[in-house]
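Take a look at the structure below.
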Amino acid sequence: MSKKDTKMVDKFKELSVVEDDYAVKLDTEVRGYGNEILRDIVGSIAVDSRKHAGLFKACAAITAGDSLSLTEDEYNQLVGSLEKHEAVEGNMIKVVDDILAKNKDDRIKMMLNHIKSDEIRHHALIRNLTKMVVKREVILEKDVWNQLFRDVLTHGHAPPDQWEEPE
């Protein structure tokens with residue numbers, strides 16, 4: 001890894017800690033608020049900060065050269081799961097749009113627009129996540145033996161011993 005990459009890994013790790021610490025601070029502060037609505041709003045910011053911390057950790061790991069590979073079965077499970085989540089996110093965007101069209105309260109519109117922008121980003125991230133993941137082929141022992149047998153020139157027959165006298 002180059003010196004530049006090492007610096008970037010360290011920066012991502014640092015940002016992850018900053019976001020994580022910020023989330024803890026917000027959680028602590030929000031407990032003191034008597035108003036449940038404010039606790040919910042500020043608490044959602046803390047959740048976002050935890051999300052950011054996780055994304056920064058992932059950036060650090062990728063920059064450090066860690067693999068995003070999965071076995072074929074794991075990959076197929078991931079694709080199935082992400083397809084379901086992508087549908088949920090897409091549906092949520094439609095639901096929020098419907099509510100926005102009917103709502104007149106600017107405070108609620110602000111929060112719904114924020115939710116909608118999050119859902120749009122989540123939708124895009126989920127859609128692109130499978131492109132970031134590498135399918136790792138599962139190699140079974142029988143595959144190794146079959147490959148060895150195919151590649152051997154004699155196909156399982158012992159070659160003549162060069163030191164043995166001909167009969």
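Each value in this text was obtained by applying a stated rule to the coordinates, not by laboratory testing. In this text, all values refer to a predicted model and were calculated from it rather than measured experimentally. Don't worry about glycine lacking a Cβ; one is built from the backbone with ideal geometry, like all the others, and counts go over all protein chains shown.
Results, tabulated for the structure shown:
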quantity: Peptides ranked, highest mean first, by Cβ atoms within 10 Å: ranges 113-125, 97-109; calculated: 113-125, 97-109
quantity: Computed over region 68-138: relative contact order in percent, which uses C-alpha pairs under 8 Å that are six or more apart; calculated: 62
quantity: In sequence order, calculated HN-Hα J values of region 111-121 (Karplus, 6.51, -1.76, 1.60; Hz; x Gly/Pro); calculated: 5, 5, 5, 5, 4, 4, 5, 4, 4, 5, 5
quantity: Under the Karplus curve 6.51 cos²θ - 1.76 cosθ + 1.60, θ = phi - 60°, whole-Hz ³J(HN,Hα) for region 15-26, x wherever Gly or Pro sits; calculated: 5, 4, 5, 4, 5, 5, 4, 5, 4, 5, 4, 4
quantity: Footprinting exposure proxy for V133, V96 (fewest neighbouring C-beta atoms within 10 Å first); calculated: V133, V96
quantity: Net charge contributed by nearby residues that have their C-beta within less than 14 Å of R127 (K/R +1, D/E -1); calculated: -1
quantity: Projected label distance in nm at S44 and D97, using a 7 Å step from Cα toward the beta-carbon; calculated: 2.0
quantity: Per-residue HN-Hα couplings for region 49-61 [Karplus 6.51, -1.76, 1.60; θ = phi - 60°; Hz; x = Gly/Pro]; calculated: 5, 5, 4, 4, 4, x, 5, 5, 4, 5, 4, 4, 5
quantity: Selection from A60, A101, Y22 lying farthest towards where the dipole of region 8-140 points positive, charges on Cβ; calculated: A101
quantity: Total lysine pairs whose alpha carbons fall under 22 Å of each other in region 1-66 (8 or more apart, or interchain); calculated: 14
quantity: Ranked list, fewest to most other Cβ atoms within 10 Å of each Cβ, for I41, I126; calculated: I41, I126
quantity: log10 of Debye I(q)/I(0), alpha-carbon scatterers only, for region 68-138 at 0.12, 0.19, 0.27 Å⁻¹; calculated: -0.43, -0.74, -1.10
